[in-house]
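Values quoted throughout were computed directly from the atomic coordinates according to the rules given, and no laboratory measurement underlies them. A quick note: this is a predicted structure, and the numbers were derived from the prediction, not measured. Please note: Cβ atoms are built from the backbone with ideal geometry, for glycine as well, and neighbour counts cover all protein chains shown.
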Amino acid sequence: MKIIQLHQFNAIATCGSIRKAAEVLHISQPALSKSMQRLEQELGVELMARTSKGIKLTDYGTTLLTHSKAVQAEVIYAVNEIKQMQLQRESCIAFAVAPAVSLSVLPKIIQKFSRQHPNIELTISGKLAPDVLVDVRNGTMDFVIGVIQDEVPKDLEYQPFASINTIIIARKEHPLVNRSQLSLQDLQNQFWVAAGGTYSVDQPFLAANLVPPKVNVVCESLMSNISIIAGSDAIGLVPSNYLQSALFSNTREITVAEQLPQREIGIIKRKNSVLTRPIRALIDEFVSSKSILEA
């Protein structure tokens with residue numbers, strides 16, 4: 001299997017036909033067809049099937065496409081790092097950070113890094129887990145500073161470096177804000193909102209041998225989560241450093257008797273991926289912020 005064959009295969013998958021892919025690649029259609037036949041013979045499986053609407057990938061083809069994109073990404077990393085070492089050319093780092101990191105240490109880290117690496121463009125995704133993991137897998141994102149709530153996927157590496165306390169919050173006029181001697185059981189029938197999934201809300205109730213409450217709203221963005229909590233009777237479980245942000249100035253903590261679980265923050269990247277020196281330097285900045293995140 002050659003890298004050029006994976007490049008050709010990716011082009012066919014993107015274009016949806018061998019003819020269009022051959023035009024994009026500037027090679028003849030018979031030559032491209034022959035190259036794909038050799039690839040299928042080497043693997044011993046059919047990667048694509050011709051239909052009336054063009055080429056359709058088989059299950060084997062879909063699997064190969066995921067890995068071939070990752071291979072292409074690694075090649076791009078290698079080329080970019082060599083160019084950067086030789087010519088100091090501009091490059092780009094794409095990553096995502098959990099809201100707990102974004103609201104606390106991100107601004108200062110970005111400012112410091114950009115001063116040290118002025119030719120590097122930073123692209124920061126606003127996606128939440130688990131959606132963001134898809135971009136890590138296919139190589140369009142270099143790394144994530146965030147949380148893996150379930151078992152770590154086999155094709156990813158997760159290196160936790162900080163643990164953040166969690167609290168339950170509501171708008172500052174919420175009737176439960178000034179209540180004392182509350183327990184999680186008292187909150188089971190409240191209007192709950194969560195960001196990115198229900199796991200964070202379920203966890204403390206399960207640990208206390210209680211039935212988790214119904215999460216009425218699951219938000220796909222931090223701003224939606226803030227808006228609903230601050231403007232309604234909804235409550236939510238969030239990292240404690242949220243209250244240090246001006247965005248949460250209209251919210252307060254609801255104290256409960258139980259000890260709430262900590263939220264682990266770590267580095268998520270593709271297994272065995274080769275990271276450039278600037279990427280490693282940026283990751284080191286986040287790891288160095290451990291004491292601030294845990295404060």
Take the chain, mark every one of the trypsin sites (Lys or Arg not before Pro) that falls in a DSSP loop and has at most 15 other Cβ within 10 Å, then report the longest stretch left between them, sites excluded. 90-153
Computed magnitude of the charge dipole of the range 1-59 (debye, nearest 20; Cβ of K, R +1, Cβ of D, E -1): 200 debye
Taking a ≥ b ≥ c as the square roots of the eigenvalues of the Cα gyration tensor of the range 166-261, is the shape rounded (a/c under 1.5), prolate (a/b larger than b/c) or oblate? oblate
Projected onto their principal axes, the Cα atoms of the range 98-152 stretch, largest extent first, over whole-Å spans of 37, 25, 16
In debye, nearest 20, what is the charge dipole magnitude of the chain about its Cα centre with +1 on Lys and Arg Cβ and -1 on Asp and Glu Cβ, if you could check? 860 debye
Reach of Lys214 by Cα under 27 Å, taken over lysines that are not fewer than 8 positions away in the same chain: Lys127, Lys172
With a Förster radius of 25 Å, plug the Cβ-Cβ distance of Lys290 and Asp186 into 1/(1 + (r/R0)^6) and report the FRET value to the nearest 0.05. 0.15
Rounded, prolate or oblate (a/c below 1.5 giving rounded, otherwise prolate when a/b exceeds b/c) for the range 3-68 by Cα gyration tensor: rounded
Please rank Glu151, Glu157, fewest neighbouring Cβ atoms within 10 Å first, as an exposure proxy. Glu151, Glu157
Calculated volume of the Cα convex hull per residue in Å³ (choose from [x] 154; [y] 124; [z] 167), label: [z]
In whole percent, the Cα-Cα distances of the range 79-176 spread across 5 Å bins from 0 upward as 2, 10, 17, 18, 17, 15, 10, 5, 3, 2, 1, 1, 0
Need the list of lysines near Lys56 for cross-linking: C-alpha distance under 24 angstrom, and skip anything on the same chain fewer than eight residues off. Lys2, Lys20, Lys34, Lys69
The size of the Cβ-based charge dipole (Lys, Arg +1; Asp, Glu -1) of the range 166-261 about the Cα centre, to the nearest 20 debye, is 140 debye
